[in-house]
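**Student:** I am attaching a structure below and will ask some questions about it afterwards.
The values are calculated or read from the model by the stated rules, or taken from the named source; none is laboratory data. Predicted model only: the values in this text are computed from it and were never measured. For neighbour counting, all protein chains shown are included, and Cβ atoms are generated from backbone atoms with ideal geometry for every residue, glycine included. Remember, those area values only see protein heavy atoms, side chains included, never the ligands or the DNA or RNA. Shrake-Rupley method; radii C 1.70, N 1.55, O 1.52, S 1.80 Å.
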Amino acid sequence: MSRKILVIVSEHGYWAEELIGPVSKFDERGYEVIFATPTGKRAHALPPSLDANYIDPPLGRSVTTEENARLGREFERSSRLDSPLDIEAWVPERPYTSDTAYLPKLEQYHRDLDKLDADIAGYDAVLIVGGSGPIADLANNERVHALILAFRKAGKVVAAECYGVACLAFARDWDDRRSIIWGKHVTGHCKEYDYKDGTGFLGTDFNMGPPPYPLEYILRDATGPRGAYHGNFGKPVSVIVDFPFVTGRSTPDSYLTGQKIVEVLEDGLTRYGW
């Protein structure tokens, strides 16, 4: 069966392996991969993710092999990211309560939002690629949240890696404001892997110290007492499947994240890693 995957990528920098890992698994199966970015601009890899000699500060070693650095550079030179879907143009924006004619605008917003159900009907899964970029333009992007909610409502696979998992924690129905991962099992960038300094983004001169939020703490709170965050610190990989969610902790988990998405789609996998 032909499959179609929506892959959402930050315009402020993705980690190369966290894109090429899953996408390579989709390519092996002949899936159609459609890329999307917040405003339709071409996404680019974070330079350290293309450098096999870059030493990751928390781990004190390189996290990028020569092979993945080469594959990342090849992907950057390719045209695959040249014409992504424009999420800003695709998904409606919720009006401010202070807007003139707020009620009719809100009603129109919900009518437009309902159209997403038809728009995503041909897709089988959505994946949010990791890296530091998602902190800047994906994590609290309500249009991205709307897409995630539409996929979940339709019973489709919702996957995310690294800092991209924050999008799942913040995607919430406005009626109850509860995270969609409440009661679910997930993984994501653990506290031990956070930089103490130098969290950087493309397209801006803003280079901060540590990330603006510890993702692990957010995920622990968002999953609630009946769900759980699994950091698996000290273990080589951490990928969690709790249908419809597939989450990968960080860079070394990228290929396995893609493989588990394939297994959910092809073999009906509903639980893995916990």
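**Student:** Computing the accessible area with a 1.4 Å probe over protein heavy atoms, can you report the carbon and sulfur percentage for region 227-274?
**Tutor:** Solvent-exposed carbon and sulfur of region 227-274 make up 55 percent of the total.
**Student:** How long are the three semi-axes of the equivalent ellipsoid for region 1-132, computed from the Cα gyration tensor as the root of 5 times each eigenvalue, in whole Å, largest first?
**Tutor:** They are 34, 19, 11 Å, listed from largest to smallest.
**Student:** Hey, another quick one. Measure off 7 Å from each Cα along the Cα-to-Cβ vector at ARG70 and ASP221, then give the distance between these two points in nanometres to one decimal.
**Tutor:** 4.5
**Student:** Taking the alpha-carbon centroid of each part, what is the distance from region 48-99 to region 213-261 in angstrom?
**Tutor:** That distance is 19 Å.
**Student:** Oh, and also: Give me the extension gain from ARG80 to SER98: residue separation times 0.36 nm, minus the current Cα-Cα distance, reported in nm with one decimal.
**Tutor:** 2.4 nm
**Student:** Now for a separate question. Which value, in Å² and to the nearest 10, is the accessible area of ASP86 when all protein chains are kept and the probe is 1.4 Å?
**Tutor:** Counting only protein heavy atoms, ASP86 exposes about 50 Å² to solvent.
**Student:** Same structure again: Solvent-accessible area of HIS110, probe 1.4 Å, all protein chains present, reported in Å² to the nearest ten, please.
**Tutor:** Only protein atoms counted, so the area is about 80 Å².
**Student:** If you don't mind, another one. Using a Cα distance threshold of under 17 Å, what count of lysine pairs results for the chain when pairs must be 8 or more residues apart or interchain?
**Tutor:** Step by step, the pairs that qualify in the chain add up to 12.
**Student:** Rounded to whole Hz and in sequence order, give me ³J(HN,Hα) for region 48-58 from the Karplus expression 6.51 cos²θ - 1.76 cosθ + 1.60, θ = phi - 60°, writing x for Gly and Pro.
**Tutor:** x, 6, 9, 10, 5, 9, 6, 8, 5, x, x
**Student:** As a test of understanding, state the convex hull volume per residue of region 40-101 from its alpha carbons, in Å³.
**Tutor:** Considering the Cα atoms of region 40-101, their hull volume per residue is 134 Å³.
**Student:** What is the Rg over Rh value, at two decimals, for region 84-144, using alpha-carbon atoms and the Kirkwood definition of Rh?
**Tutor:** Values: Rg = 14.0 Å, Rh = 13.6 Å.
Over the Cα atoms of region 84-144, Rg/Rh equals 1.03.
**Student:** From the protein chains alone at 1.4 Å, what is the descending order of accessible area for TYR163, TYR96, TYR102, TYR213, largest first? Could the numbers behind the result be given before it?
**Tutor:** Details: TYR163 15, TYR96 170, TYR102 65, TYR213 35 Å².
Descending accessible area places them as TYR96, TYR102, TYR213, TYR163.
**Student:** For MET208 and ASN140, calculate 0.36 nm times their separation in residues minus their Cα-Cα distance, and state this gained length in nm to one decimal.
**Tutor:** Going from the current span to full extension adds 22.7 nm.
**Student:** Looking at the chain, I'd like the Rg to Rh ratio, where Rg is from alpha-carbon atoms and Rh is Kirkwood's inverse mean 1/r.
**Tutor:** Computed over Cα atoms, the ratio is 0.95.
**Student:** Next up: Can you list residues from other chains, or at least 5 along the same chain, whose modelled amide H is less than 5 Å from the amide H of ILE128?
**Tutor:** Amide H neighbours of ILE128, under 5 Å, 5+ apart: ILE8, ALA159, ALA160, GLU161.
**Student:** How long is the gain from ARG177 to TYR195 if the chain were fully straight, where each residue apart is worth 0.36 nm and the alpha carbon distance is subtracted?
**Tutor:** 3.5 nm
**Student:** Keeping all protein chains in place, calculate the accessible area per residue for the chain (probe 1.4 angstrom), answer in Å².
**Tutor:** Details: 12460 Å² over 274 residues.
Averaged over the residues of the chain, the accessible area is 45 Å².
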